[in-house]
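Novice: Take a look at the following structure, please.
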Amino acid sequence: RSSVSKHSDRAGELAGMIGGNKRRTEMMFHIDESFAPGTGVHDKEGFVPPSAPAQDPIACITATEHCFLVARESGLVQRYSLPHLSIEARFAIRCRPQVIAANCDSTRMSVIDINGMLTLYDVEVRSAARSSMIIDHEADKQAQQPDQPGTQLDFERKDVWNMRWASDNPDLFAIMEKTRMYIIRGLQPEEPVLSNAYICSFKDLQIQSVLIDEVIQNPESPRKEVLLDFETKSLRDTRDILTKVSNLKDAFNYVDANPHPRLWRLLAEAALDMLDFTVAEKAFVRFEDYQGIQLVKRLRILDDKVKQKAEVAAYFQRFDEAEALYREIDRKDLAIDLRVRLGDWFRVIQLAHGGNEDLLQQAWSSIGDYYADRGKWNNAAQYYAKAQNNSALVDTYYFLEDYHNLEKLIDILPEGSPLLSDIGNKFSLVGLCEQAVKAFTRFGDVKTAVDTCVMLNQWDLAVDLAQQQNFQQIEGLLAKYAQHLLDKNKKIEAVQLYRKANRHTEAAKLLSQLAKEMPGGAQKNPDRIKKLYLLAALEVEKFKTKTLDVQMTGATAGTLTTAQTVQSLITADQNVASDKALESPWRGCEGYHLYLVAQRQLYEGHYEQAMKTALRLADYEDILDTQTIFSIIALTTYYNKFFMQCSKAFIKLEASTDISEEMRKKFADLALRIFTRNRPDDPPSRMDSCPKCKQQIPDWSVACPHCNYRLPFCVASGRSIFSKERTGNPAEEVGVLSNASGVVKCRCCRHRMYTSEVRKIRNCPLCHSKLAPDTPGPSSSSMGGLGPGPGLGPGMGPGMGPGDLYGGGGHHRFG
C-alpha cells in the first residue's frame, strides 16, 4: 500500500479513538509529543503536565473548519487536521509570530510578527506533500519547495496591527496599517480608506468594524455609531455601473469578470426593477437562488406590466407601492390578496369593508390571534366576538377569568357541542362546580358531571344529579365518597359508608389497616386492635355469606348440585385471595385474643395456662412484633419453670434484627443471670395422644413433632385441643355443648373450645356471638361501635363471660 493510504488509515484509527464515542469529551496532549496514531492524546482528567516547561512555547494559534494551526516562538508552525486531530505538516517561518490567521479554505496563512510585519504563507497540504507529511523544523535554513506547505508568498506589509480574512472568499482579506484600511484581493491592494477601527467581520464584500476606544469609554451603553461598514471596490463599482448604465449587458460583463454572490444579487435586483427577466434569471442562476428563479417564471406568466411591477415591488417589500399599482388598474381583489398573504389584517378590513362577510370574519379572527399572541386578551375577546369564533372565545374568557361571559356561552352553544365539554373542564379546574355540571349536562355527559362533583367534594350535588339523571353507578359514587373521607383521615366514617354500600371487602381491608396503624400497638391498645380485627373478620364473613346467597338464589336444596356448591366456594375464595387480611380474616383477631388471654392468665397466677397460651403466639409473628411475642413466652415459661422453652425464647430475642441493639444487650444480660442459676431443661409434663398419629406428646404442644399436625386451640383457655371433634353432630354446629366430644364450635367464627371452659358463659370468647342453639347468627347490630357500648366495647353487658376481662385488663411490658 502507498504511504498515502497508510496515513489515511492511521488517521481513521485516531478518529475512532477520539471521536468514535458520541459523547463529547475534552482531550489534551503536549505540543512536544510525537502524537502518532494511538498515542499522545489524553483525557482531560488523566493528563499529567510535564515537570519542566517547554523549551519552545506556543506563541499563537488559529483554527478553521478543516485544520488547526499552532505557531511557536521559534517560528515553527504545526498543522493538525480536524476533526481527527492528526498532524499533517510541520514547517518553519522566518519570524517570531504574534498573530496568525487562516483563510476560509485553509490554503493560506497570514502572520503578524512582533514587529508588525505581515507576511503570507501557502499552507495547503497537497498530495505530493502528504508522502512526506512532516517537514523537519531545521528546514528554515533551506528554501521551501513550491508544493510543500509553508512556502512564503511574495507579499509583505509593515506596521500592520489588525487583519481579517473574508469568510466567503479565500483571496480577500482586509488589513489595518496605521490609520488606513486596505482591502487585498489576491496579493494586490485596493485604494485605502481612512479608519482606526478594529475589523469585526468581512463578508459579502462588506467589512464591519468597531471603534473599540469609544466602546471602552462607555461599555455599559455603547452607541450604534461605533459600528462602521465599508464596501469593497468591486461592490462600489457595481453599484455605480447599475446606476449610470441603462444597458445591463455591461454590468453583466463586469460582474462576470468579478464574480461574487453579492454582485450577482445586486444585478438580479436591478434587472427585476427594469423588468429584464432574461438577465435577472441568469443572475439568479449564477448565485443559486431557487426562489428568485421561480419568481421570474411567475412574472413571465403575467400579461400586464403593471402587475409585474406590483409583484416586483412586493418582492422588494415595497408593499404600499404594490397595493397602489393594483388599485390603479382597479384590481382591489389583488391588493386584498396581497395583504392577506402578508398577514396585514388591519389593512384587509379597510379594503374589504362592506364586502365579503366571510373574509371580514377571517380578518377579525386573525386580528384576535394577533392580540392573543401578545397577551392582550381584552382586545382579542372583542375581535373574536365580532368573528363569532366561539372556540377562541372560550380560551380568551378563561385567560381573562371572565367566568360570567364564559357561562353565557353555555346557553349560546348548541347541545352536544364539543366546546361544552371544554368549558366544563375549565370550570372544574377553577372549582366552579355548578357551572361545570351545567356545561357537562348540556353536552350530554352525565358521568363526567357526577365525577366533577365528586372531585370538587360536592357530594350532595353529585347524589342529587345521579338521582335526577337515573345514574346507575351510584355504588361507585359512594366508593368515591369513601375515598374522599379517607383523604381527610376519617377512616371510621369510611368504614360505615362501605358497610352501607355493601362493600364488605373494602371495609375489612380498611379495618385491618386501622388495626395495623393503631398507635402504641400491642403494648398500649391490644383490646382495641383485637376489636378492629374482629370487625374486619365479620365483614369478610358477611361477604362470603352474601356471595353464596347470590349464587344459590333460585336453587333449592334438592336441585343444587355439589359442583355448583364447590364453584360458589371457589369464587368466594378468589375474591378474597388478593389480600392476606381477607384470605385469613380471623388470624389477626386470634393473635391479639391469645395475647390478651395469656396476659390475663399470667396476672391471675395461672402460669401453666399462661405458658400454653403464650407458646401458641409464636405462630403469629406476622401480626405481633417479635419482642412482644417472645417476651411474654420467656416470662410465662420462666414462672412455670420451663427453662428450655425460656432459653429458646431468649435466643430468638437476642438474634432478632427487628429489636434494637440496646434491647438485645439487655436481653442477653438477663438471660445470663437466669441461666447461670437454672439449667435449660423442662420439667416433666402431662402427655396426651396426637389426634392424627396417636403418638404421645406434651399437653402444651402447639404441633405434633412426629406428624407436624397443628393442634387446634381452645379460644376460651388457649389450650391445645386433643379430643377429636365428632362430625355429624348437629348440636355442635349450632353451638350446643357436647359432652361426648368435650368441645363446642362457634357457628360464627367456627373456632372450638372445651365445654368445661364455657359452661358458665353464653357468648363466644373470640367473636362474642351467642352460643345458644336457638340464637341466629351475628346480625349487623352485633358489629356495634368501636367504643364502649353493647357491641364490642368493654361494657358488653352481662353474660359476656371471659370477654369482659379483655376490655381493660392489664398487660405486661417485658424488658
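The values are calculated or read from the model by the stated rules, or taken from the named source; none is laboratory data. In this text, all values refer to a predicted model and were calculated from it rather than measured experimentally. Reconstructed Cβ throughout: ideal geometry from the backbone, glycine too, with neighbour counts over all protein chains shown. To get the accessible areas, we keep the full protein, side chains included, count just its heavy atoms, and leave off ligands, DNA and RNA. Shrake-Rupley method; radii C 1.70, N 1.55, O 1.52, S 1.80 Å.
Novice: Count, please, the residues in the range 226-238 that happen to be touching an Asp or Glu at 6+ places or on another chain (Cβ under 8 Å) and either open to solvent by 70 Å² or more (accessible area, probe 1.4 Å) or over 26 Å from ALA166 (Cβ atoms) (or both).
Specialist: 1
Novice: Separate question: Going through the range 150-200 one residue at a time, which ones are β-branched (Val, Ile, Thr) and not in a loop (DSSP other than H, G, I, E, B)?
Specialist: Scanning the range 150-200 gives THR151, VAL160, ILE175, ILE183, ILE184, VAL193, ILE199.
Novice: Between a first residue in the range 650-673 that is touching a residue at least 12 places away in the same chain (Cβ under 8 Å) and a second residue that is open to solvent by less than 70 Å² (accessible area, probe 1.4 Å) and of a type in the set (Phe, Trp, Tyr), which pairs have beta carbons less than 6 Å apart while being 6 or more apart in sequence or on different chains?
Specialist: LYS652/PHE630; LEU653/PHE630; LEU653/PHE667; GLU654/PHE667; ALA671/PHE650
Novice: Within the range 65-74, can one find any residue that is among the polar types (S, T, N, Q), modelled with pLDDT of 90 or more and surrounded by fewer than 17 Cβ atoms within 10 Å (Cβ to Cβ)?
Specialist: yes
Novice: Hey, another quick one. Only one residue in LEU242, LEU263, LEU248 is closer than 23 Å to ASP168 by Cα, open to solvent by less than 80 Å² (accessible area, probe 1.4 Å) and either at pLDDT below 85 or in contact with a helix residue (DSSP H, G or I) (Cβ under 6 Å, 6 or more places away or on another chain) (or both). Which one?
Specialist: Details: LEU242 fails: closer than 23 Å to ASP168 by Cα; LEU248 fails: closer than 23 Å to ASP168 by Cα.
Exactly one of LEU242, LEU263, LEU248 is closer than 23 Å to ASP168 by Cα, open to solvent by less than 80 Å² (accessible area, probe 1.4 Å) and either at pLDDT below 85 or in contact with a helix residue (DSSP H, G or I) (Cβ under 6 Å, 6 or more places away or on another chain) (or both), namely LEU263.
Novice: Pairs, please: C-beta under 7 Å, at least 6 apart or cross-chain, first residue within 19 Å of GLN609 (Cβ to Cβ) and in the range 620-632, second surrounded by fewer than 17 Cβ atoms within 10 Å (Cβ to Cβ) and among the acidic types (Asp, Glu)?
Specialist: Within 7 Å, the pairs are ILE629/GLU621.
Novice: Would you confirm, using the coordinates I've provided, whether ARG327 is within 30 Å of LYS244 (Cβ to Cβ), over 51 Å from the mean Cα position of the chain (by Cα) and not aliphatic (A, V, I, L, M)?
Specialist: no
Novice: Any residue in the range 381-399 that is surrounded by fewer than 20 Cβ atoms within 10 Å (Cβ to Cβ), touching a helix residue (DSSP H, G or I) at 6+ places or on another chain (Cβ under 6 Å) and aromatic (Phe, Trp, Tyr)?
Specialist: Yes, that holds for at least one residue.
Novice: Same structure again: Quick check on my filter: what residues within the range 247-263 are in a loop (DSSP other than H, G, I, E, B) and in contact (Cβ under 8 Å) with a residue 12 or more places away in the chain?
Specialist: ASN258, PRO259, HIS260
Novice: State yes or no: is ASP237 under 19 Å from VAL279 (Cα atoms) and out of contact with any strand residue (DSSP E or B) (no Cβ under 6 Å at 6 or more places or on another chain)?
Specialist: Considered against the rule, which asks whether it is under 19 Å from VAL279 (Cα atoms) and out of contact with any strand residue (DSSP E or B) (no Cβ under 6 Å at 6 or more places or on another chain), ASP237 comes out as yes.
Novice: Going by what's in this entry, would VAL125 be described as open to solvent by less than 60 Å² (accessible area, probe 1.4 Å) and in a loop (DSSP other than H, G, I, E, B)?
Specialist: Yes; evaluated as a whole, the condition is true for this residue.
Novice: To continue, here is another question. Among the residues of the range 757-773, write down those that are at pLDDT 85 or above and among the small types (Gly, Ala, Ser).
Specialist: Within the range 757-773, just SER769 meets the criteria.
Novice: A further question follows. May I ask you to verify whether PRO219 is open to solvent by less than 80 Å² (accessible area, probe 1.4 Å) and in a loop (DSSP other than H, G, I, E, B)?
Specialist: no
Novice: Within the range 696-717, identify whether any single residue is basic (Lys, Arg), open to solvent by 50 Å² or more (accessible area, probe 1.4 Å), at pLDDT 85 or above and over 24 Å from GLN601 (Cα atoms), and answer yes or no.
Specialist: no
Novice: Would you confirm, using the coordinates I've provided, whether VAL296 is closer than 27 Å to GLU323 by Cβ, part of a helix (DSSP H, G or I) and under 56 Å from the mean Cα position of the chain (by Cα)?
Specialist: yes
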